[in-house]
């Protein structure tokens, strides 16, 4: 029998103490992230039936499952390199957002038409080097903002996971140039000791363009055969 490391024991102990981790297990939710989006939605009324939604960093599917239950006969395109637990009506794009092939697959799935809401729960793989992790997190935030500018119609909303630290203030300044109202929120379901916050940016200004924020490409694990069979919203 393989012995667990000390870090594994600490993680398991934290999970047992975590109210939302226990609640997710009890309710059969895919992950505790379900409750973060639920709390944001209850406060800001983000989701409604018939919406078109693009979700980035969708694995393992906690947000995906919640969105599916809220938009009914709408359109959800969920993107991640890792496996996503998604319903039959959700269009899953396998790849990292920012890679050319992945972006093309998203365009196919959306029929090159705008969406009402862009959600990003993208987060970097933690190296333990705080400055490097924060820089990577801000690159992902740039990608999420670029997605909002590219895919949101006028008046559309953007929700992005951020980590408090260097680069956040400058990023928020960019967001305020693109959206009419910008809020920083830490849902109760976020761990109290985490630097994680969510930015809810509302009502995209019609004059903003994709040129406002340069895209950041990163290494692709994408197989463009995955575009085959994608249905269009």
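The values are calculated or read from the model by the stated rules, or taken from the named source; none is laboratory data. These numbers come from a predicted model, not from an experiment. Cβ placement follows ideal geometry from the backbone for every residue including glycine, while neighbour counts extend to all protein chains displayed.
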Next on the checklist: What's the number of the only condition in (1) at pLDDT 75 or above; (2) exposed (fewer than 11 other Cβ atoms within 10 Å of the Cβ) that residue 231 fails to meet?
Outcome noted: (1)
Item to check | Residue match in the range 62-77 (condition: on the phi > 0 side of the Ramachandran plot and touching a residue at least 24 places away in the same chain (Cβ under 8 Å)) | outcome: no
Checklist outcome for this item: Checked the range 176-188 for anything in contact (Cβ under 8 Å) with a residue 60 or more places away in the chain and either buried (at least 18 other Cβ atoms within 10 Å of the Cβ) or part of a strand (DSSP E or B) (or both); matches are 183, 185, 187
Item to check | Qualifying residues in the range 104-145 (those that are without any contact (Cβ under 8 Å) to a residue 24 or more places away in the chain and either in contact with a strand residue (DSSP E or B) (Cβ under 8 Å, 6 or more places away or on another chain) or not in a helix (DSSP H, G or I) (or both)) - the one nearest to residue 74 (Cα to Cα) | outcome: 112
Item to check | Candidate set: the range 163-183, residues that are in contact with a helix residue (DSSP H, G or I) (Cβ under 6 Å, 6 or more places away or on another chain) and modelled with pLDDT under 95; chosen: the one farthest from residue 47 (Cα to Cα) | outcome: 166
Next on the checklist: Name the residue that is farthest from residue 51 (Cα to Cα), counting only residues in the range 147-175 that are touching a residue at least 60 places away in the same chain (Cβ under 8 Å) and either within 13 Å of the chain's Cα centre (by Cα) or not in a helix (DSSP H, G or I) (or both).
Outcome noted: 161
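Conditions (1) surrounded by fewer than 23 Cβ atoms within 10 Å (Cβ to Cβ); (2) in contact with a helix residue (DSSP H, G or I) (Cβ under 8 Å, 6 or more places away or on another chain), marked per residue:
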site	(1), (2)
42	yes, no
49	yes, yes
53	no, yes
73	yes, no
93	no, yes
104	yes, yes
114	yes, yes
118	no, yes
130	yes, no
